[in-house]
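Chemist: Structure incoming, see below.
The values are calculated or read from the model by the stated rules, or taken from the named source; none is laboratory data. Owing to the predicted nature of the structure, the values given are computational and were not obtained by experimental measurement. Cβ: placed from backbone, ideal geometry, glycine included. Neighbour counts: every protein chain shown. Each accessible area value is taken on the protein alone, full model and side chains, heavy atoms only, with ligands, DNA and RNA left out. Shrake-Rupley method; radii C 1.70, N 1.55, O 1.52, S 1.80 Å.
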Amino acid sequence: IENMFAVTLRDAGKVAIVDGDTKEVVAVIPTGYAVHISRPSASGRYVFTIGRDARLDMIDLWMNPPQVVAEIKVGLEARSVETSKYKGYEDKYAIAGSYWPPQFTIMDGDTLKPLKIVSTRGMTVDTQEYHPEPRVAAIVASHEHPEFIVNVKETGKILLVNYEDVNNLNITTIDAARFLHDGGWDSTKRYFLTAANQSNKVVVSDSR
């Protein structure tokens with residue numbers, strides 16, 4: 001499973017699992033519609049997919065053929081999914097961010113049972129106006145702290161969501177730039193780079 005690809009078959013609402021050595025399609029798996037992102041678990045055993053229809057699927061690559069072992073709908077529209085990666089918390093939690101409703105959901109990493117739902121409604125970073133439906137864009141798991149890094153698009157805020165105590169979440173807010181969209185790590189997995197597209201900026205966050 002070290003050399004497998006999850007390939008989005010967008011309009012079919014499926015994901016193809018491709019063997020990177022043989023180039024053969026191992027399985028074609030029904031998922032949410034138009035999968036936006038596929039994220040590997042910390043262990044590498046599972047692939048988590050999130051459709052634009054907010055259907056989240058957990059695919060077990062150890063099975064022959066690979067197939068979905070857990071599934072949940074986290075809203076009506078979504079873009080992001082991730083699992084905890086910090087040492088000692090590997091895959092303990094999963095998180096999904098919704099476009100609608102404007103919120104993120106923290107789940108049990110083994111079952112996808114919802115544990116905490118948090119609204120992202122709030123004030124924008126520039127004009128300090130209330131925004132009723134700021135969508136959740138990219139989410140990544142920090143390797144420096146037990147945190148998820150959550151981009152809130154329209155308010156332009158980056159949330160550092162500490163999952164040490166899920167019942168009493170500790171969330172640090174970083175004012176960045178409006179319209180935070182997608183992003184990724186640098187090679188060290190310390191710096192998270194995000195495009196704030198309509199602000200014409202790239203925001204770089206030091207996760208350490």
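Chemist: Which loop chymotrypsin sites (Phe, Trp or Tyr not before Pro) in the stretch 60-124, with loop taken from DSSP, have no more than 14 other Cβ atoms within 10 angstrom of their Cβ?
Modeler: Passing sites in the stretch 60-124 are Trp62.
Chemist: Right, another one. Give, as a single signed number, the net charge of other residues whose beta carbon lies under 14 Å from the beta carbon of Pro40, with Lys and Arg counted +1 and Asp and Glu -1.
Modeler: Summing Lys and Arg as +1 and Asp and Glu as -1 gives -2.
Chemist: Further, regarding this structure: My understanding is that a pair violates if its Cα-Cα distance is over 19 Å; which of Lys14/Lys153; Lys73/Lys116; Lys14/Lys189; Lys73/Lys113 do that in this structure?
Modeler: Those over the limit are Lys14/Lys153; Lys14/Lys189.
Chemist: Still on this structure: Return the FRET efficiency for the residue pair Asp126, Leu193: r is the Cβ-Cβ distance, R0 is 25 Å, and the value is rounded to the nearest 0.05.
Modeler: On the way: r = 20 Å, r/R0 = 0.82.
My answer for the efficiency is 0.75.
Chemist: Give the share of C-alpha pairs in each 10 angstrom bin for the chain, from 0 to the last occupied bin, in whole percents, shortest bins first.
Modeler: The calculated distribution, bin by bin, is 9, 35, 37, 16, 3, 0.
Chemist: Return a whole-number percent for the relative contact order of the chain, with Cα pairs under 8 Å and 6 or more residues apart as the contact set.
Modeler: 11
Chemist: I would also like to ask the following. R0 = 30 Å: FRET efficiency of Val68 with Ile171, Cβ-based, nearest 0.05?
Modeler: The formula returns an efficiency of 0.45 here.
Chemist: Need the full-extension length gain, Lys87 to Asp11, defined as separation in residues times 0.36 nm minus the C-alpha distance. One decimal, nm.
Modeler: Stretched out fully, the Lys87 to Asp11 stretch lengthens by 23.7 nm.
Chemist: Let me ask something else about it. I need the calculated FRET efficiency for the pair Val118 and Thr22, taking r as the beta carbon distance and R₀ as 41 Å, to the nearest 0.05.
Modeler: Once rounded, the FRET efficiency stands at 0.45.
Chemist: Please identify the GluC sites (Glu not before Pro) of the stretch 89-194 that satisfy two criteria: DSSP loop assignment and at most 16 other Cβ atoms within 10 Å. Which are they?
Modeler: Counting only loop positions with at most 16 other Cβ atoms within 10 Å, the GluC sites (Glu not before Pro) in the stretch 89-194 are Glu90, Glu129, Glu144, Glu164.
Chemist: Carbon and sulfur atoms: what percent of the 1.4 Å accessible area of the stretch 6-54 do they account for? The partial results should precede the final answer.
Modeler: On the way: 1150 of 2260 Å².
Result for the stretch 6-54: 51 percent of the exposed heavy-atom area is carbon or sulfur.
Chemist: While we're looking at this one, here's another question. Kindly report the accessible area of the chain per residue (heavy atoms of protein chains, probe 1.4 Å, no ligands, DNA or RNA), in Å².
Modeler: On a per-residue basis, the chain sits at 48 Å².
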